[in-house]
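In what follows, a structure is listed as C-alpha cells, so that the remarks can point back to it.
The values are calculated or read from the model by the stated rules, or taken from the named source; none is laboratory data. The structure displayed is predicted, hence computed values, not measured ones. Here the Cβ positions follow ideal geometry from the backbone for every residue, glycine too, while neighbour counts run over all protein chains shown.
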C-alpha cells in the first residue's frame with residue numbers, strides 16, 4: 001500500500017506499543033530491573049514501533065529526541081525503568097514521526113498520514129485480529145488482509161528456510177536489530 005503510492009506522499013507517522021506491567025506476574029518481574037531488561041518499555045516493546053516505521057517508510061531516522069516518564073507508585077514498579085517513553089523522529093526525506101511505548105495499558109497501533117489517505121493499523125502487531133482502516137476524503141474502507149492472521153509467520157519461516165537452503169540474503173538480518181537498538185540507545 002505504501003510502496004504502491006495508495007497513501008500518496010507519507011508526511012507523518014505514529015507508532016505506539018504499550019502493555020500493562022504487573023509486578024505480581026513472574027514474566028513481568030525482570031522487566032522492572034534495568035540490569036536485566038537493558039532498559040524500560042522503549043527497549044522492550046518500543047523497538048517494534050521504531051522498526052515498524054523504518055520498514056514502512058523505507059528509511060532510517062537521522063535525528064531522534066526522546067523523553068520518558070517514571071512516576072512514583074506504591075509498588076515501585078517504575079523505580080528503575082520508564083512507565084512511558086516517547087521519541088520524535090526526523091527522516092532524511094523530511095518526514096516526521098513519533099513513537100511511544102509504555103507499561104500502563106494495551107495499545108498497539110500504527111498511523112500513516114499521506115497526501116491522499118491515512119492508514120491505521122489497530123491493533124498493529126497482535127497475533128490475531130489485526131485491522132487496517134484506510135481513510136480518504138470519500139470515506140473509510142477496511143481492506144481484507146491477503147493472509148489470515150493464523151498464517152502471518154508462514155512467509156517469514158519460508159523465507160528463512162530459503163535463505164539457509166539457497167543462500168539468499170535474509171530480509172531481516174541481525175544487523176537490522178542492532179541498528180534499531182543503537183538508535184534507541186542514542
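Do you know which residues across segment 143-163 are at pLDDT 85 or above and surrounded by 10 or more Cβ atoms within 10 Å (Cβ to Cβ)? Residues satisfying the conditions are 158, 159, 160, 161, 162, 163. The requirement of being assigned to a loop (DSSP other than H, G, I, E, B), modelled with pLDDT of 85 or more and surrounded by 18 or more Cβ atoms within 10 Å (Cβ to Cβ) is fulfilled nowhere in segment 129-136; no residue meets it. If you filter segment 102-128 down to residues that are under 12 Å from the mean Cα position of the chain (by Cα), within 21 Å of residue 66 (Cβ to Cβ) and in a loop (DSSP other than H, G, I, E, B), you find that the one that is modelled with the highest pLDDT is 124. A single member of 96, 179 is surrounded by 12 or more Cβ atoms within 10 Å (Cβ to Cβ) and in contact with a strand residue (DSSP E or B) (Cβ under 7 Å, 6 or more places away or on another chain), and it is 96. Where residues in segment 90-99 are in contact with a helix residue (DSSP H, G or I) (Cβ under 7 Å, 6 or more places away or on another chain) and assigned to a strand (DSSP E or B), which of them is farthest from residue 32 (Cα to Cα)? Result: 97.
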